[in-house]
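The values are calculated or read from the model by the stated rules, or taken from the named source; none is laboratory data. Note that the structure is predicted; figures quoted are calculated from it, not measured. Please note: Cβ atoms are built from the backbone with ideal geometry, for glycine as well, and neighbour counts cover all protein chains shown.
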């Protein structure tokens, strides 16, 4: 991943292909930038409306209203945007070495921001659930305990992501000598596994609890349909796992990782939309 080949690129082009550094082929670049723009716009608008309603109508701002999830989702999207700035979505052999190393630097930043963004997004939803089902003390307490369990799961993964390589700059600087890196494959799939399990729990647990609430059937159906956004997020996370398997053996990582990025920030957006 870190060894560049070719005179002006990080990868040799396939036989018969002439790299065009000035006008690289747009494989996923436009799609990625459009999706980032849409997600960031909706997150900012939704969060702004939420705070406005809380301040002017209900006059009560709760803990989940001040969650860092929205900020972290935007920050994650910004790292993905910077990856696009340095070639994400273009073929690896059509990106010059300096741009490729900058891509790796922002790729590292995105992996570090992902865990906090995912945790606070899920914690926000779970805090909302705990408040909705506050009449069931055991359920509310169990949800809060589950939040701490998720945190305990993400902390070691975050630590491993930060110190994947020592020195850290080895991640994007191939000139570093006597460097050591951990098995990124194991770290990657540990994070994916935790995401799938927690997404499934967040999706499934509220459904039976909702039917126990004393409210009209129509409202119950609306709540369950709203929770369906979590189901879509879980399905996308599972699909991301299959794409990740292909990426780990990729020779064109700036193209092959871009769909994984899209399948990362879109589920986070959908889960935050549930809130």
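Can we say residue 60 is part of a helix (DSSP H, G or I) and either at pLDDT below 95 or closer than 30 Å to residue 202 by Cα (or both)?
Numbers: part of a helix (DSSP H, G or I): no; either at pLDDT below 95 or closer than 30 Å to residue 202 by Cα (or both): yes.
Criteria not met by residue 60.
Of all helices (runs of 4 or more DSSP H) completely enclosed by segment 119-214, which ones contain at least 2 residues that are under 16 Å from the mean Cα position of the chain (by Cα)?
Working: elements: 137-162, 184-204, 206-212.
Qualifying helices (runs of 4 or more DSSP H): 137-162, 184-204.
Which residues, counting only those in segment 163-180, are surrounded by fewer than 12 Cβ atoms within 10 Å (Cβ to Cβ) and at negative phi? Quick ask: steps written out before the conclusion?
Quick first cut of segment 163-180, residues surrounded by fewer than 12 Cβ atoms within 10 Å (Cβ to Cβ) only: 175, 177-178, 180.
Across segment 163-180, the qualifying residues are 175, 177, 180.
Output yes when any residue across segment 65-83 is within 21 Å of the chain's Cα centre (by Cα), part of a loop (DSSP other than H, G, I, E, B) and at pLDDT below 90, and no when none is.
Filtering segment 65-83 down to residues within 21 Å of the chain's Cα centre (by Cα) leaves 65-83.
With part of a loop (DSSP other than H, G, I, E, B) added as a condition, the list becomes 67-68.
Next, only the ones that are at pLDDT below 90 stay: 67-68.
The answer is yes, given that some residue of segment 65-83 is within 21 Å of the chain's Cα centre (by Cα), part of a loop (DSSP other than H, G, I, E, B) and at pLDDT below 90.
Considering segment 181-191 alone, what residues qualify as being modelled with pLDDT under 85 and crowded, with 17+ Cβ neighbours inside 10 Å?
Result: 188, single match.
Identify all residues within segment 135-156 that are under 18 Å from residue 207 (Cβ atoms) and surrounded by fewer than 20 Cβ atoms within 10 Å (Cβ to Cβ); write none if there are none. Break it down into steps so the answer makes sense when it comes.
The initial filter retains those residues of segment 135-156 that are under 18 Å from residue 207 (Cβ atoms), namely 135-136, 138-140, 142-143, 146.
Matches in segment 135-156: 135, 136, 138, 139, 140, 142, 146.
Residue 233 fails exactly one of the following numbered conditions: (1) modelled with pLDDT of 80 or more; (2) in contact with a helix residue (DSSP H, G or I) (Cβ under 6 Å, 6 or more places away or on another chain). What is the number of that condition?
Just one mismatch for residue 233, condition (1).
Of all residues in segment 120-139 being touching a helix residue (DSSP H, G or I) at 6+ places or on another chain (Cβ under 7 Å) and free of Cβ contacts under 8 Å to residues at least 40 places away in the same chain, which is nearest to residue 46 (Cα to Cα)?
Residue satisfying both the conditions and the ranking: 130.
Quick test of your reading of the structure: residue 114 fulfils all but one of (1) more than 25 Å from residue 50 (Cβ to Cβ); (2) surrounded by 15 or more Cβ atoms within 10 Å (Cβ to Cβ); (3) under 21 Å from the mean Cα position of the chain (by Cα). Name the failing condition by number.
(1)
Considering only residues that are under 24 Å from residue 102 (Cα atoms) and not in a loop (DSSP other than H, G, I, E, B), which ones fall in segment 9-57?
29, 30, 31, 32, 33, 34, 35, 36, 37, 39, 40
Select, from 86, 108, the only residue that is under 17 Å from residue 257 (Cβ atoms), surrounded by fewer than 22 Cβ atoms within 10 Å (Cβ to Cβ) and free of Cβ contacts under 8 Å to residues at least 24 places away in the same chain.
86
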